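Bear in mind that the values in this text are calculations on the coordinates, not laboratory data. What you see is a predicted model; the values in this text were computed from it and never measured. With ideal geometry, Cβ positions are generated from the backbone for all residues, glycine too; neighbour counts draw on all protein chains shown.
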Amino acid sequence: MLDTKRPDTFADMRARARTVARARSLEQALATGLPKLVECTLSEALVLGLLKQGVRKYFAIFGHGSTDLGNVLRIYEEEGATRTINCRNEVEMAHAATTLRWQYGELSAVVTSIGPGAIQAFAGSLAAASNGVGIYHIYGDETTFGEGYNMQQVPKEEQGLFARMTSIMGQSYVLHTPEALRDALRRGALCVNHPYRAGPFYLLLPLNTQPARLTVNLAALPARPELPRLAPADDAAIGQAATMIAKTAKVAIKAGGGTRGHDAAIRKLAEAAGAAVILSPGSTGVLPDGHAQNMHVGGSKGSISGNFAMAEAELLIVIGSRAVCQADCSGIGYKNAQAVININGDLSDALHYNKTVALIGDISAVANRLATQLEKSGAHANKSAWLKVCAEKKAEWGAYKRKRFECPALHDEVWQKPVLPQPAAIKIVTDFAKEIDAAKFFDAGDVQANGFQIVEDDRTGDTFTEAGASYMGFAASALLGSALAEKPRYGIAFSGDGSFMMNPQILIDAVEHGLRGMIVIFDNRRMAAITGLQLAQYKTEFRTSDHVAIDYPKFAESVSGVLAIAGGSSAGSLRNALKTAHAHAGLSVVHVPVYFGPDELGGLGAWGEWNVGNWCEDVQAAWMKQEL
Ligand SMILES: Cc1ncc(C[n+]2csc(CCOP(=O)(O)OP(=O)(O)O)c2C)c(N)n1
Ligand SMILES: [Mg+2]
């Protein structure tokens with residue numbers, strides 16, 4: 001057995017870690033004398049390889065499946081080369097790593113043990129996969145000798161089961177042979193940095209190969225790929241698209257989640273095309289909220305104006321969208337569209353609809369080129385009648401929302417008193433977030449749906465709504481991403497009572513890691529989104545609430561360092577609570593009881609079709625008839 005107490009047991013490792021930390025990067029360390037050929041363990045080689053790709057940060061829950069890697073991370077942290085934060089739940093830390101990349105662009109890795117920890121992180125990685133966010137997941141895995149069952153492996157006489165599971169979700173590599181690291185990290189680099197279809201990359205680290213020694217050539221380990229932006233080689237398809245836009249009177253752009261960050265190009269194209277712009281839950285802010293052509297969200301949970309533009313448009317320009325059923329009303333949202341122009345890097349997404357001119361490539365590159373052609377031909381000139389009716393619908397949606405925002409407390413059956421309706425409460429918090437320039441994170445459920453109907457963003461990056469997977473517990477966990485960010489921004493998590501209870505671990509982890517931020521719990525004492533669906537479809541609620549009252553402020557306050565406040569039942573009391581919460585130097589929790597019931601001012605409505613439950617027959621019959 002190794003005597004780990006002897007100070008020089010890991011002297012070589014420590015010296016390398018120090019050299020890399022002082023040089024500030026592995027490349028710089030190599031340039032200033034760190035030998036290229038190093039003999040070390042696979043665990044250390046992996047940490048060095050990830051450093052070469054800019055990964056310095058780890059979210060971890062260790063177990064017997066990752067002790068060797070944990071030891072390397074300890075020494076590298078002591079020398080200032082990496083940072084690791086310990087978490088309380090693997091789903092939570094997967095969400096935190098997803099957010100660190102999504103919000104700040106910082107690539108990190110999630111480290112778990114073998115078995116249950118890995119499965120939990122794997123479940124959480126659905127959010128990264130669904131939203132196209134690249135992160136590394138590193139799981140302990142069964143030994144390569146096959147000497148017998150490893151505790152916590154999948155208990156079957158078969159090999160590579162975690163590799164198979166994880167490769168279904170994303171891409172995966174078993175480090176069966178230490179020297180395979182170079183190949184694993186080359187594949188990983190492309191997966192997590194893919195320009196339009198990034199996602200989680202799973203590195204499976206067998207218990208026995210972690211401490212196995214190898215000679216690694218640090219200069220040969222792959223760096224982060226630098227990829228040029230791609231666009232069509234000639235103007236043929238762009239010219240064809242420009243002609244179609246010029247001769248059509250009613251044009252709409254559907255800006256999907258992929259348009260995030262392409263704000264300027266989307267605006268330029270929308271204005272040049274004279275197109276009404278329909279947003280997705282994940283693309284609010286791509287066009288400023290007040291822009292005359294911004295029709296707000298469209299889809300099965302859309303808006304009056306967004307869904308009007310969807311239904312009326314004769315030509316559809318889809319940009320950065322993978323046509324999720326909720327976004328295009330299960331394929332029947334574009335009732336009058338005769339043709340599609342689709343801008344996307346991904347061939348299959350670009351060809352999702354029939355009658356399509358596919359403009360493959362980087363969104364800004366393609367949209368700018370198309371816009372320039374449209375500007376030259378004055379393509380927007382014949383669109384004023386269309387934009388006028390769209391503006392009227394936008395005004396209608398504005399008035400409809402305002403009525404709900406101004407609605408005072410309503411008497412609630414469960415609370416046995418008047419409490420704020422959820423849209424009104426969410427609006428107060430989104431306004432406050434704007435005032436203090438906070439990032440907003442939305443959980444699943446009515447909180448999420450009302451949220452993206454309500455937010456009035458003027459740029460990409462102010463709202464993170466996990467609409468890809470709608471993973472209950474995402475929002476509160478997402479705050480933890482800021483604990484490792486270089487320049488943390490104050491964040492507010494909007495969580496339903498159901499969602500918050502899925503992942504309350506943030507209460508502890510935020511305090512442990514010195515996080516500032518706020519969770520607002522919109523408590524309707526039920527999983528209301530599902531109650532609402534049940535009532536809409538089958539007229540009866542079933543098992544979407546319980547009778548257990550929870551004192552959330554008391555619960556949150558039981559964690560030392562968390563400030564918990566009751567938001568009260570009026571707009572004024574909620575605003576005051578938000579101010580007090582924001583003044584706290586750590587994590588604060590604001591609890592807001594909200595209304596659930598039949599009063600129409602208690603919700604923001606749906607507006608489109610969805611292929612679920614007893615709606616399937618109608619939706620599918622309509623889908624059969626449409627040709628797009
Ligand atoms: C982990 C997970 N489990 C189940 C679901 C299905 N689901 C979607 S929304 C929802 C209810 C959300 O309840 P709550 O957070 O209280 O928000 P509310 O709808 O009440 O505002 C459920 C169960 C999900 N999205 N994620
Ligand atoms: Mg609820």
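One table, with the values for the structure above:
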item: Ascending count of other beta-carbon atoms within 10 Å, so fewest first, for His411, His296; result: His411, His296
item: Packing-based ranking, highest mean first, of 418-424, 208-214 given that Cβ atoms within 10 Å are counted; result: 418-424, 208-214
item: Tail weight of P(r) past 24 Å, computed on alpha-carbon pairs of the range 1-153, percent; result: 37
item: Sum of side-chain charges, Ala17 neighbourhood, beta-carbon under 12 Å (Lys, Arg +1; Asp, Glu -1); result: +1
item: Rg/Rh (Cα only; Kirkwood hydrodynamic radius) as it applies to the range 110-250; result: 1.17
item: Ascending count of other beta-carbon atoms within 10 Å, so fewest first, for Trp386, Trp102, Trp623; result: Trp623, Trp386, Trp102
item: Selection from Trp102, His291, Gln171, by position along the positive dipole direction of the chain (Cβ); result: His291
item: Segment Leu351-Ala399, extension gain: residue separation times 0.36 nm, minus the distance between their alpha carbons; result: 13.6 nm
item: Net charge dipole size for the chain [Lys, Arg +1 and Asp, Glu -1 on Cβ; Debye, nearest 20]; result: 1220
item: Summed side-chain charge close to Ala444 - residues other than Ala444 whose Cβ falls under 13 Å, Lys, Arg +1, Asp, Glu -1; result: -3
item: Nearest 10 degrees, 0 to 90: helix 181-192 Cα axis against the chain principal axis; result: 20
item: Tilt relative to the chain, helix 384-405 - C-alpha long axis, 0 to 90 degrees, to 10; result: 70
item: Kirkwood-based Rg to Rh ratio, the range 516-628, C-alpha trace; result: 1.14
item: Shape call, the range 246-395: gyration tensor on alpha carbons, a/c limit 1.5; result: rounded
item: 222 nm mean residue ellipticity, helices alone, for the chain (DSSP H n ≥ 4; -39,500 (n - 2.57); rounded to 500); result: -12000 deg cm²/dmol
item: Taking the range 427-564 and dividing mean pair separation by its residue count, relative contact order in percent (alpha carbons under 8 Å, at least six apart); result: 22
item: Summed residue charge, Cβ within 15 Å of Ile245's Cβ, Lys/Arg positive, Asp/Glu negative; result: +4
item: Neighbour-count ranking [beta-carbon atoms within 10 angstrom, fewest first] of Ile245, Ile75; result: Ile75, Ile245
item: Cβ charges +1 (Lys, Arg) and -1 (Asp, Glu), total dipole of the range 554-620, debye; result: 660
item: Stokes-Einstein D for the chain, Kirkwood Rh over Cα pairs, 20 °C, 1.002 mPa s (µm²/s); result: 83
